[in-house]
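Trainee: Sending over a structure as structure tokens; questions will come in a sec.
The values are calculated or read from the model by the stated rules, or taken from the named source; none is laboratory data. Just so it is clear, the model here is predicted, and its values are computed rather than measured. Using ideal geometry, Cβ is built from the backbone for each residue, glycine included, and neighbour counts are taken over all protein chains shown. All accessible areas refer to the heavy atoms of the entire protein, side chains included, with ligands and DNA or RNA removed. Shrake-Rupley method; radii C 1.70, N 1.55, O 1.52, S 1.80 Å.
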Amino acid sequence: MTGKEGEKPRAGFIDGKGQFVIKPNFDDASFFAEGLASVKVGSKHGYISRTGMVIQPLFDEAGPFQDGLARVKINGRFGKFGFIDKKGTMVIPAQYNS
């Protein structure tokens, strides 16, 4: 996380030498799992690879990928959870409470 005094910190990714490999352009970010990391832009979550955004920020919550799928939440605070593939396609419909 980085940011100027008085500004909201921004999240990015560094290498083993502490050099930014993905600039701090995100409101929050998770770890990489299966080559993708969840990032928050404004109030929505999407996914990046090491080369850039691959799934646009459309989700209210977004978990890490495991076995090719990631749990995501849509439709706000009282929304439902489903699972997407690495292309962002909803493969298990958002119909679950948790």
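Trainee: Given Thr51, Thr89, which one is out of contact with any His (no Cβ under 6 Å at 6 or more places or on another chain), under 20 Å from Phe13 (Cβ atoms) and not small (Gly, Ala, Ser)?
Mentor: On the way: Thr89 fails: under 20 Å from Phe13 (Cβ atoms).
Criteria check complete, one pass: Thr51.
Trainee: Please go through the range 57-98 and pick out each residue that is of a type in the set (Asp, Glu) and under 23 Å from Gly42 (Cα atoms).
Mentor: Asp60, Glu61, Asp85, listed by residue number.
Trainee: Let me ask something else about it. Of the numbered conditions (1) free of Cβ contacts under 8 Å to residues at least 24 places away in the same chain; (2) surrounded by fewer than 17 Cβ atoms within 10 Å (Cβ to Cβ); (3) closer than 17 Å to Ala94 by Cα, Pro57 fails exactly one; give the number of that condition.
Mentor: The single condition Pro57 does not satisfy is (2).
Trainee: A follow-up question, please. Just one of the numbered conditions (1) in contact with a Phe, Trp or Tyr (Cβ under 6 Å, 6 or more places away or on another chain); (2) open to solvent by 60 Å² or more (accessible area, probe 1.4 Å) is not true of Ser98; which one?
Mentor: Result: Ser98 passes all but (1).
Trainee: Okay, next question. Select from the range 14-70 the residues that are part of a strand (DSSP E or B), farther than 13 Å from Ile84 by Cα and among the small types (Gly, Ala, Ser) and list them in ascending order.
Mentor: Ala29, Ser30, Ala33, Ala37, Ser49, Gly52
Trainee: State all residues of the range 60-83 that are hydrophobic (A, V, I, L, M, F, W, C) and within 18 Å of Gly35 (Cβ to Cβ); if no residue qualifies, say none.
Mentor: Ala62, Phe65, Leu69, Ala70, Val72, Phe83
Trainee: Could you grab me the full set of residues in the range 1-26 that are open to solvent by 50 Å² or more (accessible area, probe 1.4 Å), among the small types (Gly, Ala, Ser) and at pLDDT 80 or above?
Mentor: Hit for the range 1-26 is Gly16, nothing else.
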